[in-house]
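Okay, structure first, notes after.
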Amino acid sequence: MSIVAVVSFHSMILPKESLSSSQLAEGILFSPLKFCVPVFLTISFLLFERGADKYNDSKLAAIKKRLYRLFIPTIFWFTIATLLKLLNRKPIPEIIGDLARGEVFTGAYYLLVIIQLIPIFILIRGWLNKKLNIWFLGIIQALVFLSIYIIPSNSYQEQILTILRSINRPLLIYWFIYIGLGIFFFKNWLLVVKFSSRINIKIKALLLIIYCVVQMIEYRWLFIRFEGNILPFDYVMFSCIISVFIMFFCFASLQETQVSSSIRDLVKILSKYSLGIFCINGIVSQIFISISTRFLSQATFSFPEIIGLKLFVWMILLFISLGLSIFLERIGLKAVVC
């Protein structure tokens, strides 16, 4: 679910000039899918915590193993994206800036965030074994969000806003709560599954609807707050944190035997190649955006046309990125897609 949702945010390939007044409406409509990155991060640290016990005697060994596993695909896909930008004659200083800000391809920031958070995870995981400290981490994250919310209210803080925009999404102050959530869900997994199994399906549906409404309202507020220039704060929302609890409580008890074999196969293949899909769709979407900017910068589209094109590109990106991931694995490049 998360990898499919990620691709949806990379499927808007029209230039902003073509979106006209539909930009806010489109953002609100798809904002409930913003659970994707928070859930990805939480699952990552849940799995890191599961495998961390064997490295209790050597934090350095744990850091090396995880970073090595991430550096291979990061270097590979950053290199591919850089070469494409060079072929497109983009100035080298701009490319260096894109690399540092995680903009060398759409979604590249995620890899930079994970690489930064892993050493922090290793250093504080023992401290986070106490539930009280996880609550404390959550309070700190809430204070960070609130501090960002009040920036537009103070004209003298405009310089702070400019600095945050220049750093873009890789700034780790937006993401550290998901270390705590990953550890929390691992330590309490059996209780979470038990709790999830006791929630009636109608209640789960209601929880998902409430989350969608809250996410839409907060996104609209944030969009207006920052006058339409929402990046890099599009995940600096309390509803994004709430989405992790909603998704885990609604789906933690779901078993393979409860779905059809075709759905099981689809889930397995998307999960296996989620890394490749994430990186490839981000690069391909930038190619699409480059073409769109060249030929459609003067065009305007109605809201139904924009949504229709987004849904079409969404499926195309998913199909292309999955196909290329399978191909790269078969030619011996498994480490960059799985």
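The values are calculated or read from the model by the stated rules, or taken from the named source; none is laboratory data. Everything numeric in this text was worked out from a predicted model, so none of it was measured. Here the Cβ is made from the backbone with ideal geometry for all residues, glycine too, and neighbour counts use every protein chain on show. With ligands, DNA and RNA removed, areas are computed over all heavy atoms of the protein, side chains included. Shrake-Rupley method; radii C 1.70, N 1.55, O 1.52, S 1.80 Å.
Of the numbered conditions (1) in a helix (DSSP H, G or I); (2) open to solvent by 50 Å² or more (accessible area, probe 1.4 Å); (3) farther than 26 Å from Trp135 by Cβ, Asn229 satisfies every one except a single condition; which is it? Condition not satisfied by Asn229: (1).
The residues of the stretch 240-274 that are touching a residue at least 40 places away in the same chain (Cβ under 8 Å), assigned to a helix (DSSP H, G or I) and of a type in the set (Ser, Thr, Tyr), listed by number, are Ser243, Ser271, Ser274.
Within the stretch 196-214, does at least one residue satisfy the condition of being closer than 22 Å to Gly102 by Cβ and either surrounded by 12 or more Cβ atoms within 10 Å (Cβ to Cβ) or touching an Asp or Glu at 6+ places or on another chain (Cβ under 6 Å) (or both)? So that I can check it myself, show each step before the final result.
Going residue by residue through the stretch 196-214, those that are closer than 22 Å to Gly102 by Cβ are none.
Scanning the stretch 196-214, I find no residue that is closer than 22 Å to Gly102 by Cβ and either surrounded by 12 or more Cβ atoms within 10 Å (Cβ to Cβ) or touching an Asp or Glu at 6+ places or on another chain (Cβ under 6 Å) (or both), so the answer is no.
Annotation note: of Ile43, Ile118, Ile95, Ile114, the sole residue that is open to solvent by 30 Å² or more (accessible area, probe 1.4 Å) and among the β-branched types (Val, Ile, Thr) is Ile43.
Test Ser285 against the criterion of being small (Gly, Ala, Ser), closer than 26 Å to Ala108 by Cβ and open to solvent by less than 20 Å² (accessible area, probe 1.4 Å), and give yes or no. Full working, then the answer.
On the way: small (Gly, Ala, Ser): yes; closer than 26 Å to Ala108 by Cβ: yes; open to solvent by less than 20 Å² (accessible area, probe 1.4 Å): yes.
The answer is yes for Ser285.
Just one of the listed residues (Ile280, Ile224, Ile217, Ile241) is surrounded by 17 or more Cβ atoms within 10 Å (Cβ to Cβ) and farther than 19 Å from Val7 by Cα, namely Ile241.
Among the residues making up the stretch 1-18, those that are within 11 Å of Ile289 (Cα to Cα) and hydrophobic (A, V, I, L, M, F, W, C) are Met12, Ile13, Leu14.
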